[in-house]
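Please read the structure below before turning to the comments.
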Amino acid sequence: MRATAYRRWLRPIAMVEACNDAPVSASIITYRLGQITLAQSTSSPVHYLRDEDTIEKGRFGECLLLRLLIKGSVHGWFGDAKVDIKEGDIYLSDLAQTSEVWLEGDCAHINVMMRRADLGDITVHGRVLHGEWLPCRMLREHLLNFIDILRHCDADNVKEMTKATMELLRFCLRTDDVNNKDTGYFLDEARERIVTYIDEHLSESDLGALRLQREFAVSRSQLYRHFAELGGVQHYIRNKRLQAVLRDLCNEPHRSITDIIERYGFTTERQFQRAFRARFGMTASQVRADWKSKAMSDICEVIEN
């Protein structure tokens, strides 16, 4: 039944067939959110074909499809361009153009469908945002968080999260255009080292610009340049901590909110609550209460719908 629903949902987008003799095993959960459609999907190895006939008969010719590969690997052709996608990468296709894609192994995706007009004249068909690239990591974490809290959001919060999704995507594509134009794809190695250090020391309250300047022997202005496009290093650290708190609120329901806040270096609860609500549109208590109140039957009902 899940595989049948999966094929039915994809029929206007692409023809689907198994890559081996085994039947297709797949599932999809779809959320229509006004400006975008958000979906979680899983699939055994399959072959997708979007040819001229499918484009002509379908109704999505004015749309773009973004796919975040959470598990597995993918390769394919977008027009005349061959692409290879690995876990953590984000790839995009223009549904007015042909594509042929193979999913290798058991794969899981987060999918976002949007109107082409909402991105303007940016070329996206066959674009791959590599998972190691910091802006791609930001968009990936945002999409994962969006899925996590979606069931608990009211209409206004969903609208804000949708707006943030589009803004992050535009930022990634603009930045990727600049990188490709100037030097091709590259990683800022110094910033990557700093980001790794931040991830490893999120729980330490003194983690901040001064400590990073000492650890990496960089000036304040150098550190600012590394994180200018991300809103500054303090903004980046705060958002990483908020995302970690959100994850632990859902994954550790028996740990108190106070313990989780302290774990990630927030010195006052008032400071934390203000920042958390501004980032996610609800308080930590609301997230915890909603999460605990969701019985398995409710989750099954959401999936069925």
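Number of Lys-Lys pairs in the chain with C-alpha atoms under 28 Å apart and a separation of 8 or more places or on different chains: 21. If we count every other residue with Cβ under 13 angstrom of MET166's Cβ, Lys/Arg +1 and Asp/Glu -1, where does the sum land? Spelling it out: positives minus negatives among the neighbours equals +3.
Farthest toward the positive end of the dipole of the chain, out of PRO12, THR196, SER256, is the Cα of SER256, where the dipole comes from beta carbon charges about the Cα centre. Semi-axes of the equivalent ellipsoid for the chain, computed as √(5λ) from the eigenvalues of its C-alpha gyration tensor and ordered from largest down, come to 35, 26, 17 Å. Measuring nothing but protein heavy atoms, the accessible surface of the chain at 1.4 Å probe radius is 49 percent carbon and sulfur. Summary value for the stretch 1-122: 30 percent relative contact order, contacts being C-alpha pairs under 8 angstrom separated by 6+ residues.
DSSP loop GluC sites (Glu not before Pro) in the stretch 47-132 with at most 13 other Cβ atoms within 10 Å of their Cβ, which ones?
GLU62, GLU132
Using Cα pairs closer than 8 Å and at least 6 residues apart in sequence, work out the relative contact order for the chain, in percent.
Working: 447 pairs, mean separation 38.0, N = 305.
Answer for the chain is 12 percent.
For LEU33, the residues 5 or more places off, or on other chains, whose built amide H falls under 5 Å of its own are LEU38.
Between 0 and 90 degrees, the angle of helix 134-149 with respect to the longest Cα principal axis of the chain falls at about 80 degrees. Taking 0.36 nm per residue of separation and subtracting the Cα-Cα distance, full extension of the segment from GLU215 to ARG255 would add 11.2 nm.
Which angle between 0 and 90 degrees, to the nearest 10, do you get for helix 284-293 versus the longest principal axis of the chain when only C-alpha atoms count? That works out to roughly 50 degrees. Ligands, DNA and RNA are left out, and with a 1.4 angstrom probe the accessible area of the chain is 52 Å² per residue.
The values are calculated or read from the model by the stated rules, or taken from the named source; none is laboratory data. Because the structure is predicted, anything quoted here is derived from the model rather than measured. Backbone-built Cβ (ideal geometry, glycine too); neighbour counts: all protein chains shown. For the accessible areas, the whole protein counts, side chains as well, though only heavy atoms, and no ligand, DNA or RNA atoms are used. Shrake-Rupley method; radii C 1.70, N 1.55, O 1.52, S 1.80 Å.
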